[in-house]
Structure formats: C-alpha cells, structure tokens
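Have a look at the structure below before the remarks.
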Amino acid sequence: MTVEEIKQFIQGGEWKSIAPELRPSSIKNADGSIKPFYLTRRFKVLPDGKFELEVINSVDPFGKVPLVKILLKGDMLWKGEHPIAAGAQKVDFTANEAYLVTPMIQGFADAMNQVASNGYNKWEVNVAQSILGKSFVPFGLTEGQIFSEYDLVYIFNDLMFWGARNVDGRGFDKEENRPTNLQIPLVRTK
C-alpha cells in the first residue's frame with residue numbers, strides 16, 4: 001500500500017486491541033528485572049491527520065482490573081518508509097490536543113496524590129485530569145513538554161501494527177528510539 005492508501009484505509013474506522021497486551025516498563029522490580037505492564041488500546045484516525053488513542057492499563061495480564069485510563073488526541077505526521085516491512089511507514093504521534101489521565105482504582109488515585117499533586121486537583125477514581133503541557137513525574141513529563149512518540153504503522157491482512165516497545169522499556173521519545181519490531185496488531189471494529 002502507498003502512504004495515501006494506508007491513510008485512507010485506516011481513517012474513519014475504530015481499531016482496538018485483540019486482547020490485553022504485555023509491555024515492558026521502564027520501572028524495575030526489586031530484583032532488577034523489568035516490570036511488565038498490561039494494556040488495551042482503542043484508536044481512531046480522524047480527519048485532517050488527527051488521532052484519538054485510549055489506553056487502559058491493567059493490574060493483571062487478563063485486563064480484569066483496570067488501573068488507569070489514558071486518552072491522547074493530536075496529530076499524526078507521516079515521515080516516510082520504515083525498513084521493518086514493505087509498506088511500513090514511520091509515523092510520529094503528537095498529543096497536542098488532549099492528554100487525560102483517569103484513575104480507575106483507589107490505589108492509583110492515592111499514588112497520584114502522593115507523587116503528582118502539585119498543579120492538580122485531588123486525584124479521584126473515574127475523574128479525568130489533563131496533564132497536557134504540565135509536569136507529570138509518573139510519566140516523565142516536564143512543564144511545557146508535549147508528549148510525542150516516534151512510531152510506525154504497518155497494515156497487513158486488514159490488521160494495523162505499530163511498533164513493539166523496546167525490551168528495556170525505553171519509550172519512543174526520540175528518533176533513535178523509534179521501534180524496530182512490530183507490536184501485536186489492532187483490529188478494525190467499525
């Protein structure tokens with residue numbers, strides 16, 4: 001597929017995780033091993049190169065105990081071919097319109113009230129707060145920083161693949177950290 005065909009194919013639909021996904025975290029366990037985290041994704045491509053991504057992180061590998069819901073909205077910037085597979089494209093996702101965090105359990109709200117209280121209302125279960133452009137230590141964001149990821153998009157057999165997380169938990173926060181492997185795909189639901 002060409003870039004224009006990919007853009008047309010993914011736009012207007014809603015994409016979601018097939019099942020809960022496993023990701024390495026940048027946080028380490030007490031023994032030094034990488035702490036896993038579990039999530040599901042729901043993704044929409046909107047007109048004019050915009051996107052909406054909802055991520056729900058869970059405590060358990062089956063996604064039965066949601067921990068936090070994250071909603072990002074912003075721009076997709078297509079940067080050219082990615083060498084992982086024929087037709088794969090480098091895509092930068094910039095959450096410059098919305099970045100909302102919603103605690104889903106009391107333990108997460110309590111933790112945010114300890115480590116991310118400055119400049120925020122009291123964190124409460126099922127109450128979203130915007131972290132757009134604000135310092136948010138749990139996610140490594142500083143004041144004025146707009147979250148952006150250097151990722152990829154690859155379409156194969158009507159599935160949408162993004163990049164797999166780096167095994168050491170590094171984010172896609174700069175070009176040299178752009179993924180070199182494929183993540184579990186998203187399926188179209190609408």
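Brief remarks on what is shown
- Build a GNM of the chain with springs between Cα atoms under 10 Å apart, and of 99, 154, 120 the one that fluctuates most is 120.
- Additional length obtainable on full extension of the chain from residue 181 to residue 111, 0.36 nm per residue less Cα span: 21.9 nm
- Surface/4 estimate of mean projected area, convex hull on alpha-carbon atoms of the range 1-67, nm²: 6.2
- Reachable lysines, given that their alpha-carbon falls under 27 Å from the alpha-carbon of residue 28 and they are not under 8 places away in the same chain: 64, 69, 134, 174
- Helix 106-115 axis, angle to the chain major axis (alpha carbon atoms, nearest 10°): 80
- Distance-filtered residues of the range 1-36 - backbone nitrogen under 18 Å, label point 7 angstrom along residue 157 Cα→Cβ: 1, 16-19
- Only Lys, Arg, Asp and Glu carry charge here, each on its Cβ (+1 for the first two, -1 for the last two); on that basis the chain has a dipole of about 360 debye about its Cα centre.
- Max-minus-min Cα coordinates of the range 104-190 on each principal axis give 45, 33, 22 Å, with the largest extent listed first.
- Rg/Rh ratio calculated on Cα atoms of the range 38-131 (Kirkwood radius): 1.07
- About the Cα centre, charge dipole magnitude for the range 131-190 (Lys/Arg +1, Asp/Glu -1 at Cβ), debye: 220
- Cα-based convex hull volume of the range 49-100 per residue, rounded to whole Å³: 99
- Computed extension gain for residue 26 through residue 81, at 0.36 nm per residue and net of the alpha carbon distance, reaches 17.0 nm.
- Mean residue ellipticity (222 nm) of the chain, computed from DSSP H runs ≥ 4 via -39,500 (n - 2.57), nearest 500: -2500 deg cm²/dmol
- Accessible-area composition of the range 1-91, carbon plus sulfur, in percent [1.4 Å probe]: 57
- When only Cα pairs below 8 angstrom with a gap of at least 6 residues are kept, the chain shows a relative contact order of 20 percent.
- Springs join every pair of Cα atoms under 10 Å in this Gaussian network model of the chain, and among 155, 146, 27 the largest mean-square fluctuation is at 27.
- Whole-angstrom gap from the range 20-39 to the range 70-128, using each part's C-alpha centre: 18
- The computed Kirkwood radius over Cα pairs in Å for the structure shown corresponds, within (1) 19.0; (2) 17.4; (3) 19.7, to (2).
The values are calculated or read from the model by the stated rules, or taken from the named source; none is laboratory data. What you see is a predicted model, and the numbers here were worked out from it, not measured in a lab. With ideal geometry, Cβ positions are generated from the backbone for all residues, glycine too; neighbour counts draw on all protein chains shown. Just so you know, the surface numbers come from the protein's heavy atoms only, side chains and all, with ligands and any DNA or RNA stripped out. Shrake-Rupley method; radii C 1.70, N 1.55, O 1.52, S 1.80 Å.
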